[in-house]
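Here is the structure we will look at, set down as structure tokens.
The values are calculated or read from the model by the stated rules, or taken from the named source; none is laboratory data. Please read all numbers here as calculations on a predicted model, not as lab measurements. Methodologically, a virtual Cβ is constructed for each residue, glycine included, from the backbone with ideal geometry; neighbour enumeration extends over all protein chains shown.
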Amino acid sequence: MKPQGLSKAERLSRKRDFERVFRRGKRIDLPYLRVICAENGLPWRRIGFAVSKKVGNAVVRNRIKRLLRETFRKNKDLFPPGCDLVFIPRREIISLSPEKIALDLKEAFEKRC
């Protein structure tokens, strides 16, 4: 895996992987984001997104996913290795910068993991 890249192996894509994370994962709540984290048995982290249509239209949802993907890509060391992470954003996340999101996630993961 590239340290600054985001390979295909680092993405959740199968329905059964998402279901496993939702069933067994620990939840971390922020005012604008919920992260569900579950062990995956692999030496690397994987991410997935569950963005509701209530958040906005397709353009807004895709922008949010790009924002979160960039935050993950630049701050992989914040997230525990060997975990699958599903990000469930709320509408308020649109106005935040990747740096602010990374700072809040760092504090949240230090407290709970």
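Scanning the stretch 70-113 for residues that are in contact with a helix residue (DSSP H, G or I) (Cβ under 7 Å, 6 or more places away or on another chain), farther than 14 Å from residue 38 by Cα and not in a helix (DSSP H, G or I) returns 75, 89.
Could you tell me whether the stretch 41-63 includes any residue that is of a type in the set (D, E, K, R), part of a helix (DSSP H, G or I) and within 16 Å of residue 102 (Cα to Cα)? Spell out the reasoning first.
Initial filter on the stretch 41-63 (of a type in the set (D, E, K, R)): 45-46, 53-54, 61, 63.
From what's left, part of a helix (DSSP H, G or I): 61, 63.
Subsequent filtering for residues that are within 16 Å of residue 102 (Cα to Cα) retains none.
Within the stretch 41-63, none of the residues are of a type in the set (D, E, K, R), part of a helix (DSSP H, G or I) and within 16 Å of residue 102 (Cα to Cα).
Scanning the stretch 90-113 for residues that are more than 17 Å from residue 69 (Cβ to Cβ), small (Gly, Ala, Ser) and out of contact with any strand residue (DSSP E or B) (no Cβ under 8 Å at 6 or more places or on another chain) yields a count of 1.
Restricting to the stretch 65-100, count the residues that are of a type in the set (Phe, Trp, Tyr) and out of contact with any Gly (no Cβ under 9 Å at 6 or more places or on another chain). Quick ask: steps written out before the conclusion?
Here is the first cut: in the stretch 65-100, the ones of a type in the set (Phe, Trp, Tyr) are 72, 79, 87.
So of that shortlist, the ones also out of contact with any Gly (no Cβ under 9 Å at 6 or more places or on another chain) come out as 72, 79.
Looking only at that region, the number is 2.
Every residue, every condition in (1) of a type outside the set (Val, Ile, Thr); (2) under 10 Å from the mean Cα position of the chain (by Cα); (3) surrounded by 14 or more Cβ atoms within 10 Å (Cβ to Cβ); (4) modelled with pLDDT of 95 or more, yes or no:
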| position | (1), (2), (3), (4) |
| --- | --- |
| 41 | yes, no, no, no |
| 56 | yes, no, yes, no |
| 69 | yes, yes, yes, no |
| 77 | yes, no, no, no |
| 80 | yes, no, no, no |
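Scan the stretch 3-39 for residues that are free of Cβ contacts under 8 Å to residues at least 60 places away in the same chain, within 17 Å of residue 89 (Cα to Cα) and either buried (at least 17 other Cβ atoms within 10 Å of the Cβ) or in contact with a helix residue (DSSP H, G or I) (Cβ under 7 Å, 6 or more places away or on another chain) (or both) and the total you get is 1.
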